[in-house]
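Colleague: My questions all concern the structure below.
The values are calculated or read from the model by the stated rules, or taken from the named source; none is laboratory data. Note that the coordinates shown come from a computational prediction; the quantities given were computed from them, not determined experimentally. As a convention, Cβ positions derive from the backbone with ideal geometry for all residues, glycine included, and neighbour counts pool all protein chains shown. Just so you know, the surface numbers come from the protein's heavy atoms only, side chains and all, with ligands and any DNA or RNA stripped out. Shrake-Rupley method; radii C 1.70, N 1.55, O 1.52, S 1.80 Å.
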Amino acid sequence: MATSCVIGLLWGDEGKGKIIDLLAQDADYVVRCAGGHNAGHTIISPAGKLVLHLVPSGAFRDHVVNVIGSGVVVDPWHLEQEVARLREVGAPVELGRSLLVSERAQVILPVHRAMDQVAEHMRGGGRIGTTGRGIGPAYADRASRSGIRMGDLLRPAHLADAVARSFAEKAPLLAAHDVEVPDAAAVAEELAGLGERLAAGIADTGDLLRAAERDGRRILLEGAQGVLLDVDHGTYPYCTSSSSSTAGCAVGTGLPPAALSSVTGVVKAYATRVGEGPFPSELFDSEGDALRDAGNEYGSTTGRPRRCGWFDAVAVRYSVDVSGTREVFLTNLDVLRGFRPLRVASAYELPDGTRIERFPAFELDQLRPVYEEFDGFDEDVTGARTWQDLPAAARGFVEAIEARIGAAIPMVSVGPGRDEVVRR
């Protein structure tokens with residue numbers, strides 16, 4: 001394995017949690033690189049179905065050290081609650097032993113959540129559809145060099161002044177929208193208390209990971225969201241505020257880019273998106289509703305219904321190219337049982353009739369997908385464990401996708417459980 005990463009190839013919700021949990025059996029470290037608790041990675045663990053928001057998806061592997069990297073924005077209140085919840089269900093999560101948090105990771109403050117909600121309100125009809133959890137404003141503070149980092153929670157004297165400055169900067173805008181600004185001194189006191197309780201897990205994780213890489217330890221980097229939500233390469237401005245493509249792996253961990261030996265992309269056998277923004281292959285009819293119901297497509301973090309559509313080979317091929325992915329794990333093939341025909345968007349048509357096979361940066365909402373159709377299947381594939389166990393039509397659909405995205409598909413997920421996979 002050496003150092004490898006797993007990333008989503010569309011707008012998130014591709015099933016990365018299950019894949020990372022599966023691959024973590026061969027890892028020494030599992031590292032979250034970016035995002036915050038707006039991400040939700042679902043795994044079926046020995047304790048049942050669980051959604052992880054900050055803690056990496058190696059949480060149920062006894063031998064794994066889980067690391068929240070420097071590129072993540074951390075709500076320490078949420079982190080403490082998530083760790084407690086995982087321990088209650090028997091996960092071997094122990095701060096300082098199996099869970100570490102980068103001292104360089106930015107802190108999400110209550111004032112960031114307030115700013116997030118005000119900004120979304122100000123956008124009106126142009127709203128982005130954020131989760132309102134303060135992710136964007138926390139990253140904005142990082143970029144403007146006015147943020148607070150997890151290591152600051154261990155320095156109470158400095159912390160009080162830093163929180164006061166942060167709140168004072170934002171107070172005029174919040175007051176203009178009749179939003180009450182939390183008491184900075186009280187928040188600083190809470191953060192100092194959190195620092196004491198989380199201290200065992202706050203560390204220089206970049207130094208740790210670089211040493212582990214030099215020693216040949218197996219490091220699995222866990223992406224959050226997906227390539228099309230990347231702040232630079234995604235569907236801007238309808239994206240997240242961090243680098244959710246492969247580029248974020250080095251930035252968000254402190255590992256040198258050359259350390260990365262392989263990239264695995266994850267994508268569903270159809271497409272989904274939560275929130276606002278362009279979605280060329282979206283279905284607005286009963287077929288889209290049927291996909292949502294069959295796949296139980298509701299946000300693992302927000303509970304919002306996901307927008308559903310057919311597999312978009314143009315978008316996935318773009319993400320494969322941007323991320324340097326050479327192999328793709330296809331998930332949720334079982335959801336397509338009974339759909340006839342199966343469709344793949346293999347090109348787009350512009351309003352003037354011009355056909356394109358690239359993923360453009362602008363006017364995505366004006367594109368019309370050009371579909372190819374394939375035979376569907378009626379068989380229940382959840383029991384399949386070998387390639388030949390799958391119906392011929394299901395195999396043909398996977399092979400058609402593989403040919404159109406420019407990457408191999410060595411594994412297909414046919415259900416939510418760890419063992420519900422077909423290896424080719």
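Colleague: Around Ser146, what is the net charge, scoring Lys/Arg as +1 and Asp/Glu as -1 over all other residues with Cβ under 9 Å from its Cβ?
Modeller: Local net charge: +1.
Colleague: What are the semi-axes of the equivalent ellipsoid for segment 358-424, taken as the square roots of 5 times the Cα gyration tensor eigenvalues, largest first, in whole Å?
Modeller: Three semi-axes, in Å: 28, 14, 12.
Colleague: Separate question: If I take R0 = 56 Å and measure r between the Cβ atoms of Ser144 and Gln25 in this structure, what FRET efficiency does the formula 1/(1 + (r/R0)^6) give, to the nearest 0.05?
Modeller: Given R0 = 56 Å and the Cβ-Cβ separation, E is 0.85.
Colleague: In segment 176-258, what GluC sites (Glu not before Pro) fall in a loop by DSSP, with at most 10 other Cβ atoms inside 10 Å?
Modeller: Here the GluC sites (Glu not before Pro) that fit, given the DSSP loop and packing criteria, are Glu180.
Colleague: Sticking with this one: Give the calculated FRET efficiency between Val181 and Arg326 to the nearest 0.05, with a Förster radius of 41 Å applied to their Cβ-Cβ distance.
Modeller: Taking R0 as 41 Å, the efficiency between Val181 and Arg326 is 0.25.
Colleague: Further question: What FRET efficiency would be calculated for the residue pair Ala211, Asp378, taking the C-beta separation as r and a Förster radius of 41 Å, to the nearest 0.05?
Modeller: Computed FRET efficiency for Ala211 and Asp378: 0.15.
Colleague: With a 1.4 Å probe and all protein chains left in place, how much of the accessible area of the chain comes from carbon and sulfur atoms, in whole percent?
Modeller: 48
Colleague: Then there's this: If you fit an axis through the alpha-carbon atoms of helix 110-123 and take the longest principal axis of the Cα set of the chain, what angle between them do you get, 0 to 90°, nearest 10?
Modeller: 50
Colleague: Consider all pairwise Cα distances in segment 317-359 and report the whole-number % of them above 17 Å.
Modeller: Summing the P(r) tail past 17 Å for segment 317-359 gives 56 percent.
Colleague: Any chance you could give the angle, 0 to 90 degrees and rounded to 10, that helix 156-176 forms with the longest Cα principal axis of the chain?
Modeller: Between helix and principal axis, roughly 70 degrees.
Colleague: So what is the accessible area of the chain per residue, in Å², with the probe set to 1.4 Å?
Modeller: Per residue, the chain has 40 Å² of solvent-accessible surface.
Colleague: Give the percent of DSSP beta bridges with both residues in the chain that are antiparallel, rounded to the nearest 5.
Modeller: Around 40 percent antiparallel, to the nearest 5.
Colleague: Something else now. To the nearest Å, what is the center-to-center distance of segment 175-196 and segment 250-282, using C-alpha atoms only?
Modeller: Value for the Cα centre distance between the two parts: 34 Å.
Colleague: Suppose only helical runs count, i.e. DSSP H with n ≥ 4. What mean residue ellipticity at 222 nm does that imply for the chain under -39500 (n - 2.57) per run, divided by all residues and rounded to the nearest 500 deg cm²/dmol?
Modeller: -9500 deg cm²/dmol
Colleague: Follow-up question, since we're still on this one. What does the charge count near Glu297 come to, summing +1 for each Lys or Arg and -1 for each Asp or Glu among other residues with Cβ under 9 Å from its Cβ?
Modeller: My count for the surroundings of Glu297 gives +1.
Colleague: Moving to a separate point now. Once fully extended, how much extra length lies between Gln388 and Tyr236, figured as 0.36 nm per residue of separation less the alpha-carbon to alpha-carbon distance?
Modeller: 50.6 nm
Colleague: Longest exposed-loop-site-free stretch of the chain, with chymotrypsin sites (Phe, Trp or Tyr not before Pro), DSSP loop and at most 16 other Cβ within 10 Å?
Modeller: Here the longest run is 1-283.
Colleague: Rounded to the nearest 10 Å², what accessible area does Val101 have for a 1.4 Å probe in the complete protein model?
Modeller: Using a 1.4 Å probe on the heavy atoms, I get roughly 0 Å².
Colleague: How long are the semi-axes of the equivalent ellipsoid of segment 66-114, defined as square roots of 5 times the Cα gyration tensor eigenvalues? Whole Å, largest first.
Modeller: The equivalent ellipsoid of segment 66-114 has semi-axes of 21, 14, 6 Å.
Colleague: Here's a follow-up. Just how far, in whole angstrom, is segment 304-354 from segment 1-75 if you go by their alpha carbon centroids?
Modeller: Comparing the Cα centres of segment 1-75 and segment 304-354, I get a distance of 23 Å.
Colleague: Cα-Cα pairs above 16 Å in segment 157-273: how many percent?
Modeller: That fraction is 74 percent.
Colleague: Next question. Compute the acute angle (0 to 90°) between the alpha-carbon long axis of helix 286-295 and the principal axis of greatest extent of the alpha-carbon atoms of the chain; round to the nearest 10°.
Modeller: Roughly 60 degrees between the two axes.
Colleague: Please give the net charge around Arg395, taking every other residue with its beta carbon less than 12 angstrom from that of Arg395, where Lys and Arg add +1 and Asp and Glu add -1.
Modeller: -4
Colleague: Along each of the three principal axes of the Cα atoms of the chain, give the extent in whole Å, ordering the values from largest to smallest.
Modeller: Principal extents (largest minus smallest coordinate, Cα): 66, 49, 38 Å.
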